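Taking it in order: structure first as structure tokens, then the write-up.
The values are calculated or read from the model by the stated rules, or taken from the named source; none is laboratory data. All of these numbers come straight from a predicted model, not from anything done at the bench. Please note: Cβ atoms are built from the backbone with ideal geometry, for glycine as well, and neighbour counts cover all protein chains shown.
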Amino acid sequence: MEEVRQLLFDKLKDGNHLWSYDLSKMDSISDEALIEHVLLYLDIKDIDLLFHIFSFSKIKRVWLSRVAPQGEMFHSFNVLYAWYYFGAKRPEAYVKSIETRHVNQYMSL
């Protein structure tokens, strides 16, 4: 498990996908940040590895809170994830509702 986690972390680091972190002071990141960055920047094979080291519910929770609300830039990915990984029957509508809910929560602050 730890080997897979390290492999994913190294792929993110090597691809410069962790540019906002001071990597000289770290050899790992939080589970949530790892899941988020793998969903955003790595490929399907790497995303599949997430399900070997984290629970379905944890991955879905991170996707719902940190990835799905990101809107148009990752919309196509989110529709794929909703259908392929999370079993949404109407993935386009599901992702749109997540995005709308996020915007409404932000606007009510």
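Matching residues to (1) among the hydrophobic types (A, V, I, L, M, F, W, C); (2) within 23 Å of Arg5 (Cα to Cα):
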position	(1), (2)
Leu50	yes, yes
Leu64	yes, yes
Val67	yes, yes
Ser76	no, no
Val79	yes, no
Gly87	no, no
Ser97	no, no
Thr100	no, no
Val103	yes, no
- prompt: Got at least one residue in region 23-35 being surrounded by 15 or more Cβ atoms within 10 Å (Cβ to Cβ) and among the small types (Gly, Ala, Ser)?
  reply: yes
message: List the residue pairs whose Cβ atoms are under 8 Å apart, where the first residue sits in region 1-24 and is closer than 15 Å to Val38 by Cα, the second is part of a loop (DSSP other than H, G, I, E, B) and of a type in the set (S, T, N, Q), and the two are 6 or more positions apart or on different chains.
response: Arg5/Ser28; Gln6/Ser28; Phe9/Ser28
task: Mind listing whichever residues of region 72-109 are of a type in the set (A, V, I, L, M) and either part of a helix (DSSP H, G or I) or in contact with a strand residue (DSSP E or B) (Cβ under 9 Å, 6 or more places away or on another chain) (or both)?
output: Met73, Val79, Leu80, Ala82, Ala93, Val95, Ile98, Val103, Met107
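Matching residues to (1) in contact with a helix residue (DSSP H, G or I) (Cβ under 6 Å, 6 or more places away or on another chain); (2) closer than 21 Å to Tyr21 by Cβ; (3) of a type in the set (Ser, Thr, Tyr):
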residue: Tyr41; (1), (2), (3): no, yes, yes
residue: Leu49; (1), (2), (3): yes, yes, no
residue: Ser65; (1), (2), (3): no, yes, yes
residue: Ala68; (1), (2), (3): yes, no, no
residue: Glu99; (1), (2), (3): yes, no, no
When residues of region 36-68 are limited to those that are without any contact (Cβ under 8 Å) to a residue 24 or more places away in the chain and basic (Lys, Arg), the one surrounded by the fewest Cβ atoms within 10 Å (Cβ to Cβ): Lys45
field: Those residues of region 81-103 which are among the hydrophobic types (A, V, I, L, M, F, W, C) and either assigned by TED's automatic domain parsing to the domain that holds Asp31 or surrounded by 15 or more Cβ atoms within 10 Å (Cβ to Cβ) (or both), in sequence order
entry: Ala82, Trp83, Phe86, Ala88, Val95, Ile98
